[in-house]
Amino acid sequence: MDRRKFLKQVSLWSAGIIITPPVFNLTPKLFGSPLIKPDILVAKGDDYSGMVRQVVQSLGGIKAFVKNGDKVVIKPNIGWDRNVEQGANTHPLIVAELAKLCLGAGASKIFIFDRTCNEERRCYNNSGIKSAMKEIRDKRLRLEYIDDRKFVPVNIKKGKALKEWSFYKDALEADCYINVPVAKHHSLSRLSIGLKNVMGVIGGWRGKIHYKLGAKLADLNMVIKPKLTIVDATRVIVRNGPQGGDLKDVKILNTIIGSVDPVAADAYATTLFGLEPHQIKSTVEAYKRGLGQMDLGKCNVRYLKA
Amino acid sequence: MQCPLSKSLIFMKIKPYLKQVRRLSQLICLVIFLFLFRQTDYTGSDTIPYAVNILFRLDPLVLATITLAQKTFVTLLWPSFIIIGLTFLFGRCFCSWICPLGTLIDISDHFIKSPKTSVRLPYLKYVILIIILISSAFGVQLLGFADPFSLLVRGMVFSIDPVMNYLVSLFFDSVYTRGPAAFSNISEPVYEVLKTFVLPFKQSFFYLSFLSFFLLILIFIMEVFGKRFWCRNLCPLGGLLALISRLSIFKRIPVKVCKNCELCESECRMNAFDKNHYFMFEECSLCMDCLEFCPDNITTFKFSIPKNKPFVNINRRQLIVAGLTGLALPVLCRTNAMSKMPDDDLIRPPGALNETDFLASCVRCGECMKVCINNALQPLFLEKGFEGMFTPKLVPRLGYCEFNCTLCSQVCPTGALGRLNVKQKHAFIIGKAYFDKNKCMVYAEKKSCIVCEEHCPTHDKAIKFNEIKIRDVFGNPVVLKQPYVVEELCIGCGICEHICPVQGEAAIKVVGKDSKMVSRSGYT
């Protein structure tokens, strides 16, 4: 092969790769079948770690979700440069406990990340999640900053309001995706809970999807399917969400909700704010798409005693 | 009168190694400088323990200029007395032992060939020095154009650092995205290590990157006119240290070149010999080279009380021209039309002094822009005229001012940005936001949005909304949340403008805080 031939081949080869972006085709499977009555576990108390253990245990134990050698994604809300007290991010104790459980179940890798709204380093530090993860000291556990190269475009085949958007590769490829949102007030969508938490694994200009937000969130949730949703309602922002800041806006509920049904988890958490599930558009839209049950009468709500 | 030290056994013993010691000192200082440069960033704590600003605080030229410009002593600059003291003792040792720019120039001499007989314009550095000092005293501080560290740090912040990161990530990114997995399995861990220890956390982008690069690189290009061309002929800090060094007590001997040799004169990187082959103390940077190549081992250094010296390398005509230029610059700047323009869209960083004091104090070092966590601070070009060039402004569309971050006010070497704690920062107003209802989706297209309200960080939100029932563009009844700004609560951080999802210019914009207070005629 002479030089000219070599260069020609190299340029053709790389041109071919450049002009064919990878597109993931994910056909959403019917997840929350209406025939199954989903469990909603509600734990109250101030031992958050213990409550997480209890909730997971009552849902069948961590082994029901994490198999030996699984790649696990734990997706907390670390969106804002706010501290633990201010309640804008998922409580670090809850994230840490889930990470420990997954490590115990033999996960080969645990990724924890969020695409933050404020500067990512400040959010990871101020939320207390970075130091909580450091304390665990396990090489399998990785708290990572978002790497822009990992966003891949995804066709949302059954999407109604959104046909295509880019998603974070690690979230798409996870064997087990655990959603750990914090429940809080949100001025536009009224509440930000589990379905809204998907905003942290998508790319693009997120401000653009605030028009018809509820429907778009439901579409996005057809791509990312958590095996388990643990809602942090220990400290909830009741006004001036989603970032709050003023401690007067924070209500201490000391509640943790767990479910395998993402819609049911949101639906129950909604009631903690004195609202009905049908008042939250994303919940309704997700229910319409068969992502889960929003009618709490058709759910098994079980209260755990500490 | 001779100090016994110069003839002591210790001095004679270390004399052959002094050049190596000097090189070691240069290397250490350069490494410290680069380390501090990398440390000038968010490191996980709200306070920054050490930053590259120490370089400016050590700089006596900054001290002199800021003191004249502000007519007051800025206590932040006390470390420069260390250098002044050192110069009283050892002359311009700073130039060859400490200065990181000098070290880089020395390194570049391995690659750039300098002629045997170099261009000599030693008076120019005094001219520049006088222009800067006089114009500072009379209201226009232009130190940023000539201070060696301003040029160096700015060049690194605006161009060298981003370009280096860009090139390195380009390589690793293309391996990662296009190459086979086997390659990226090797390259990614390497990239990780580089990211942790060498590269900046994020790719940064700056206006004026080319200009800053050019100004910095020019210093190295000038080496083709002779070794250390910048240091010998142009550096105003070198000029100031030269003036002080005339009183220093550590001197090289012999005072005149030996007739049959003249090696020390022809090899001297600083050209520290005049036409009559006399040694000029103020030009010597104590690089200790001549100790090494003196064939008869005559050259040495000794302590002695300074005596009467010949005149400095500047004649009366040059002195007068420099002085008049220094006087003319402020007048020219003040009568420029740009100085009449209201600074409507100019948002200074938090903690900034009032505009006049800010311009007088800012040394255009670029550190606030380097440390800015969101790459939101950008250098001005000619918006404020020549005197505002390279000073920082917030460009919200590129990045916003992070609510809890006070780093820029911590790294400012001269206090042009006064140090703020988080509580003070939360209350410090840098600008005010206003809506463009012709663009805002809610008003113009009857679509729901309020991303700005969601992001507004003040604890009583400065952006609030009204819920109104209205018909959308298709005639269907909708409930819309219409946002508005409460001016009294807005601090001008710019996050609303930054995240506004409207294409092109945002539908909510932030203008400088003074825009409504300063009347058009310039009277306040």
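Here, each number is a calculation from the coordinates, and none is a lab measurement. None of these values were measured; they are calculated from a predicted model. Positions of Cβ are generated from backbone atoms using ideal geometry, with glycine treated the same way; all protein chains shown enter the neighbour counts.
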Starting with the highest mean, order A:242-255, B:191-204 by the number of other Cβ atoms within 10 Å, averaged over the residues of each peptide.
A:242-255, B:191-204
Assertion target for B:Phe183, B:Phe11, ordered by fewest C-beta neighbours within 10 angstrom first, is B:Phe183, B:Phe11
Which percentage, to the nearest 5, of the DSSP beta bridges contained in region A:26-304 is antiparallel?
50 percent
What are the semi-axes of the equivalent ellipsoid of region B:254-398, taken as the square roots of 5 times the eigenvalues of the Cα gyration tensor, listed largest first and rounded to whole Å?
48, 22, 12
Averaged over B:448-461, how many beta carbons belonging to a partner chain fall within 10 Å of each residue's beta carbon?
6
Can you give the Rg to Rh ratio for region B:86-188, taking only C-alpha atoms and Rh from Kirkwood?
1.18
Kirkwood hydrodynamic radius of region B:156-213 from all distinct Cα pairs, in Å?
12.2 Å
In whole Å, what three semi-axes, largest first, describe the equivalent ellipsoid of chain B built from its Cα gyration tensor (square root of 5 times each eigenvalue)?
52, 27, 19
Given an 8 Å cut-off on Cα distances and at least 6 residues of separation, report the relative contact order of chain A as a percent.
25 percent
Within 10 Å of each Cβ in B:408-419, how many Cβ atoms from other chains are there, averaged over the peptide?
0
Report the per residue volume, in Å³, of the convex hull enclosing the C-alpha atoms of region A:215-256.
88 Å³
Quick check: the distance between the Cα centres of region B:180-201 and region A:229-306, to the nearest angstrom?
41 Å
Applied in sequence order to region A:95-109, the curve 6.51 cos²θ - 1.76 cosθ + 1.60 (Karplus, θ = phi - 60°) yields integer Hz couplings, x standing for Gly and Pro, of 5, 5, 5, 4, 4, 5, 4, 5, 4, x, 7, x, 4, 7, 8
Sorted by chain and then number, the residues having a modelled amide H within less than 5 Å of the amide H of B:Ser448, at least 5 places away or on another chain, are A:Lys212
Measure of compaction for region B:340-468 (Cα Rg per 2.2 N^0.38 Å):
1.17
Region A:253-292: C-alpha gyration tensor shape, a/c 1.5 cut-off, then a/b vs b/c:
oblate
Pairs beyond 18 Å (Cα-Cα), from A:Lys44/A:Lys67; A:Lys212/B:Lys446; A:Lys67/A:Lys227; A:Lys109/A:Lys134; A:Lys100/A:Lys134; A:Lys196/A:Lys216:
A:Lys44/A:Lys67
Past 19 Å, Cα to Cα: identify those pairs from B:Lys202/B:Lys370; B:Lys202/B:Lys461; B:Lys423/B:Lys481; A:Lys130/B:Lys423, in the order given.
B:Lys202/B:Lys461; B:Lys423/B:Lys481; A:Lys130/B:Lys423
What nm distance separates the two modelled labels at A:Ser131 and A:Gln279, each placed 7 Å from Cα along Cα→Cβ?
3.7 nm
Among the lysines, which fall within straight-line cross-link reach of B:Lys71, defined as a Cα-Cα distance under 21 Å, with same-chain neighbours fewer than 8 residues apart omitted?
none
For peptide A:94-107, how many partner chain Cβ atoms fall within 10 Å of a residue's Cβ, on average?
0
Enumerate the lysines that B:Lys256 could reach by cross-link, defined here as Cα to Cα under 25 Å, with residues fewer than 8 away along the same chain left out.
B:Lys7, B:Lys13, B:Lys15, B:Lys19, B:Lys116, B:Lys125, B:Lys227, B:Lys275, B:Lys302, B:Lys307, B:Lys309
Calculate log10 I(q)/I(0) of the protein assembly as shown for q = 0.07, 0.10 Å⁻¹, where I(q) comes from the Debye formula with a single equal point scatterer on each Cα and nothing for solvent.
-0.66, -1.08
Could you give the length gained on full extension between A:Leu12 and A:Asn155, defined as 0.36 nm per residue of separation minus the Cα-Cα distance, in nm?
48.8 nm
Table column - 3J(HN,Hα) (Hz), region B:398-414, Karplus curve with 6.51, -1.76, 1.60, x for Gly and Pro:
8, x, 10, 7, 5, 3, 8, 9, 10, 5, 4, 6, 7, 8, 4, x, 10
When the Karplus curve 6.51 cos²θ - 1.76 cosθ + 1.60 is applied with θ = phi - 60°, which whole-Hz ³J(HN,Hα) does each residue of region B:346-351 get, with x for Gly and Pro?
8, 10, 7, x, x, x
For chain B, take the longest principal axis of its alpha carbons; what is the angle in degrees between that and the long axis of helix B:316-334, to the nearest 10 within 0 to 90?
0 degrees
Note down the Stokes-Einstein diffusion coefficient of region B:429-524 in µm²/s, whole number, using a Kirkwood radius over alpha carbon pairs, 4 °C, and 1.567 mPa s.
91 µm²/s
Most mobile of A:Val263, A:Val182, A:Val66 in a GNM of chain A (Cα contacts under 10 Å)
A:Val66
If each DSSP helix of 4+ residues adds -39,500 (n - 2.57) and the sum is divided by the residues in chain A, what number results at 222 nm, nearest 500 deg cm²/dmol?
-8000 deg cm²/dmol
Among residues other than B:Ile491 whose Cβ falls under 10 Å from its Cβ, what is the net charge (Lys/Arg +1, Asp/Glu -1)?
+3
For region A:26-304, what mean projected area does the convex hull of the alpha carbons give, in nm²?
12.6 nm²
How large is log10 of I(q)/I(0) for region A:132-215 at q = 0.10, 0.18, 0.21, 0.25 Å⁻¹ when the intensity is taken from the Debye formula with one equal scatterer per alpha-carbon?
-0.32, -0.97, -1.22, -1.44
What's the ranking of B:461-474, B:157-170 by average number of surrounding C-beta atoms within 10 Å, highest first?
B:157-170, B:461-474
Note, A:Arg239: beta-carbon cut-off 14 Å, +1 each Lys/Arg, -1 each Asp/Glu, net +2
Given Cα positions, please report Rg to Rh for region A:150-306, the hydrodynamic radius being the Kirkwood one.
0.95
Amide H proximity to B:Thr300 below 5 Å, modelled H, separation 5+ or other chain, gives B:Ile253
